[in-house]
Amino acid sequence: MITLLLALATAPVQTPRPTLVVVITVDQLRPDYLVRYRGQLSGGLARLLERGAVFERAYQDHAITETAVGHATLLAGRHPARHGIIRNDAGVQDSTSPLLNAAAGSAIGGASPFRFRGTVLMDWLKVRDLRSRALSLSIKDRGAILPMGRTREQVYWYAGGELTTSTYYAAVLPEWVQQFNARNLPARAAGRAWDLLLAPAAYGEPDSVPWERAGRDNVFGHRLPQDAAGARSGFPATPFGDEYLLAFALEGVQRIGLGRGPVPDLLALSLSSTDYIGHRFGPDSREIHDQVLRLDRAIGAFLDSLYRLRDSTRILVALTADHGVTAIPERTVAMGGGPAERVADAFAWRMDSALAARLGPADDGRPWVEIDNGLVTMQGRALAARGVRPDSLADVWLREARARPAVLRVDTRRTLAAADTARDPIARRWRHLLPPDVEFAVAITLRPGSVWAAPIAAMHGSPHDADAAVPLILMGPGVRAGRYAGRVGVVDLAPTLARLLDVPPLEPLDGRVLTEASRPTGH
Ligand SMILES: [Zn+2]
């Protein structure tokens, strides 16, 4: 008897093998929102915080903290320097892969992952068992496409008022997607109001703030335009955008039979409304507060429905973000938070014009010099072939940028290579961003709080913690719930999911398995 009891006590805990992995990426979700609004969370975010492994210091540990870059990193387990997606403007745009809804496609252009290098979790699953399938959804093309790497799975995003995909993935939209589109939910939301979820006293933030949305339509209740076209375009910038995408996800799970086993399937959801709302109203607004509460309820209702459809003990859930956001500079100044500026980057345009006047256009029609989020790229070899030394351009930039008070530092390939990345997170994040074949003159980092000029209230894209810190939570079979205070990266997500799914990655990764929060699943 005693022997039997001992045997029972020492038998390894058999955890069921997951049959569905749900990766929820909330576009622009700052981790401090989960702390700030904790007492008012009662839905999916609350459930994840209570029952999940919560990593309190997680980062998208690269510079140019934009949507494409963060989503490409999500399930690659590798930094942008190796997956090759280093900015939105060189993300998924591909005119050779038009969208399937012609009306939207001609206006918006095509999209595919052709710039993405290497493999992702979905490739690893497919190599082990071809029956593994994925559904990846977002309001944004880059949010749906890049978590899947180059795999040709079911990938849909919102364009022109409906969900679509590109010819990279399919020749025609499946019937279930067409039927969902036929419900015409965005157009039918014309005139719908977005009011506060809770009583006004539950919100500490002032509502009417001049720097929110340039002072227009910046108080509750917000209302979608009365006409169908206006409703379709305004829809993603309301909490209804997330509810719509989650409804579509549940429809997809049922119609394509995702997560039934025996092999694991993948459901990747990128929820974009927080980003649209955050850009307009900023991270300290009543609007973002209400959006996070509604996101919490929407994810909760989604998980409840999913757990009715599939065995919850075999569903692994991950929640993270592609980036955070910097406070509105005008607010920072008004609150006494020090100097915070919007910095114009017209100098790049002037330098490019001067070069074009002297040398003529570059052979490939692209600019000689470009700046994007502080990264000054140039056609170095082509310039050298025409007698312009790339180093001389870098020197001009060093002088120009250092003369500006809002500039914290200016790096070159040489200074980044020499930096101590353990002690210098800014250098580390630029190094994690830049593939060896990207030709750049300098990488300019603004002081925390300042942003590159853009016609929108709040911005992200910097290598500072406001933009780089993200939530990272895992919940489900094989996950040890608890709070973890060590610094981790979003690059650790893919190797950790791979371990929980017992599937080997197909290439060396930058991330590590978060062994502190996981135990192997049973066989
Ligand atoms: Zn954004």
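The values are calculated or read from the model by the stated rules, or taken from the named source; none is laboratory data. Everything numeric here is computed off the predicted structure, so don't read it as measured data. All Cβ positions, glycine included, derive from the backbone under ideal geometry; neighbour counts span all protein chains shown. With ligands, DNA and RNA removed, areas are computed over all heavy atoms of the protein, side chains included. Shrake-Rupley method; radii C 1.70, N 1.55, O 1.52, S 1.80 Å.
Number of residues in the stretch 236-259 that are free of Cβ contacts under 8 Å to residues at least 60 places away in the same chain and farther than 14 Å from Leu137 by Cα equals 6. Considering only the stretch 497-516, I want to know if a residue exists there that is at negative phi, without any contact (Cβ under 8 Å) to a residue 24 or more places away in the chain and open to solvent by less than 10 Å² (accessible area, probe 1.4 Å). Looking through the stretch 497-516, none of the residues is at negative phi, without any contact (Cβ under 8 Å) to a residue 24 or more places away in the chain and open to solvent by less than 10 Å² (accessible area, probe 1.4 Å). Applying a threshold of 9 Å to beta carbon distances and a minimum spacing of six or more residues, or different chains, the list of pairs starting in the stretch 394-409 at a residue that is over 24 Å from Gln379 (Cβ atoms) and open to solvent by 30 Å² or more (accessible area, probe 1.4 Å) and ending at one that is in a loop (DSSP other than H, G, I, E, B) and of a type in the set (D, E, K, R) reads Arg404/Glu341; Pro405/Glu341; Pro405/Arg447; Leu408/Arg447. Can you find a residue that is surrounded by fewer than 24 Cβ atoms within 10 Å (Cβ to Cβ), closer than 25 Å to Arg38 by Cβ, of a type outside the set (Gly, Ala, Ser) and within 16 Å of the ligand (Cβ to nearest atom) anywhere in the stretch 230-243? Taking every residue of the stretch 230-243 in turn, none turns out to be surrounded by fewer than 24 Cβ atoms within 10 Å (Cβ to Cβ), closer than 25 Å to Arg38 by Cβ, of a type outside the set (Gly, Ala, Ser) and within 16 Å of the ligand (Cβ to nearest atom). Yes or no: Ala301 buried (at least 22 other Cβ atoms within 10 Å of the Cβ) and within 24 Å of Ala53 (Cα to Cα)? Considered against the rule, which asks whether it is buried (at least 22 other Cβ atoms within 10 Å of the Cβ) and within 24 Å of Ala53 (Cα to Cα), Ala301 comes out as no. Cβ-Cβ contacts under 8 Å between residues 6 or more apart (or on different chains), taken from a first residue in the stretch 413-435 that is more than 16 Å from His79 (Cβ to Cβ) to a second residue that is assigned to a helix (DSSP H, G or I) and open to solvent by less than 40 Å² (accessible area, probe 1.4 Å), are listed as Thr415/Ala427; Asp420/Ala427. Looking only at residues of the stretch 375-393 that are under 31 Å from the mean Cα position of the chain (by Cα) and aliphatic (A, V, I, L, M), we find that the one that is farthest from Asp424 (Cα to Cα) is Met378. Scanning the stretch 167-226 for residues that are open to solvent by less than 50 Å² (accessible area, probe 1.4 Å), over 23 Å from Tyr244 (Cα atoms) and part of a helix (DSSP H, G or I) yields Ala202, Glu212, Gly215. Only one entry in Leu258, Leu306, Leu246 is more than 16 Å from the ligand (Cβ to nearest atom), among the hydrophobic types (A, V, I, L, M, F, W, C) and within 17 Å of the chain's Cα centre (by Cα), namely Leu246.
For Arg152, indicate whether it is open to solvent by 10 Å² or more (accessible area, probe 1.4 Å), assigned to a loop (DSSP other than H, G, I, E, B) and free of Cβ contacts under 8 Å to residues at least 24 places away in the same chain. Criteria met by Arg152.
Which of the numbered conditions does Asp372 fail, given that it passes all the others? Conditions: (1) over 20 Å from the mean Cα position of the chain (by Cα); (2) within 18 Å of Arg350 (Cα to Cα). All conditions pass for Asp372, except number (1). Return yes or no: is Thr445 closer than 25 Å to Arg487 by Cα and of a type outside the set (D, E, K, R)? The answer is yes for Thr445.
Each residue in the stretch 30-66 was checked for being among the polar types (S, T, N, Q) and crowded, with 24+ Cβ neighbours inside 10 Å, and 2 of them qualify. Any residue at all in the stretch 198-211 that's at pLDDT 95 or above and of a type in the set (Val, Ile, Thr)? Among the residues of the stretch 198-211, not one is at pLDDT 95 or above and of a type in the set (Val, Ile, Thr), which makes the answer no. Only one of the listed residues (Ser305, Ser285) is out of contact with any Leu (no Cβ under 6 Å at 6 or more places or on another chain) and among the hydroxyl-bearing types (Ser, Thr, Tyr). That residue is Ser285.
Kindly check whether there is at least one residue in the stretch 307-329 that is charged (D, E, K, R) and within 26 Å of Arg402 (Cβ to Cβ).
No, the stretch 307-329 has no match at all.
So is Ala485 within 16 Å of the ligand (Cβ to nearest atom) and not basic (Lys, Arg) or not?
No.
Looking across the stretch 263-287, the residues that are in contact with an Asp or Glu (Cβ under 7 Å, 6 or more places away or on another chain), open to solvent by less than 10 Å² (accessible area, probe 1.4 Å) and not hydroxyl-bearing (Ser, Thr, Tyr) come down to Leu271, Asp275, Ile277, Phe281, Gly282. Among the residues of the stretch 17-37, are any assigned to a loop (DSSP other than H, G, I, E, B), away from the ligand (no atom under 16 Å from the Cβ), touching a helix residue (DSSP H, G or I) at 6+ places or on another chain (Cβ under 9 Å) and modelled with pLDDT under 95? Yes, the stretch 17-37 contains a residue that is assigned to a loop (DSSP other than H, G, I, E, B), away from the ligand (no atom under 16 Å from the Cβ), touching a helix residue (DSSP H, G or I) at 6+ places or on another chain (Cβ under 9 Å) and modelled with pLDDT under 95. The set of residues in the stretch 105-149 that are over 21 Å from Ile256 (Cα atoms), open to solvent by 40 Å² or more (accessible area, probe 1.4 Å) and outside any loop (DSSP other than H, G, I, E, B) comprises Ser106, Ala107, Ile108, Arg142. Residues that are under 22 Å from the mean Cα position of the chain (by Cα), among the charged types (D, E, K, R) and farther than 30 Å from Pro329 by Cβ do occur in the stretch 488-510, at least one of them. Taken over the stretch 453-470, the residue count meeting the criterion of being within 16 Å of the ligand (Cβ to nearest atom) and under 20 Å from Asp61 (Cα atoms) is 11. Among the residues here, Asp290 qualifies as more than 19 Å from Met148 (Cβ to Cβ), away from the ligand (no atom under 15 Å from the Cβ), assigned to a helix (DSSP H, G or I) and open to solvent by less than 30 Å² (accessible area, probe 1.4 Å).
If the condition is being away from the ligand (no atom under 15 Å from the Cβ) and either open to solvent by 20 Å² or more (accessible area, probe 1.4 Å) or assigned to a helix (DSSP H, G or I) (or both), then the stretch 80-93 contributes Pro80, Ala81, Arg82, His83, Ala90, Gln93. When the stretch 227-236 is filtered for residues that are more than 23 Å from Gln28 (Cα to Cα) and either assigned to a loop (DSSP other than H, G, I, E, B) or touching a Phe, Trp or Tyr at 6+ places or on another chain (Cβ under 7 Å) (or both), only Asp227 remains.
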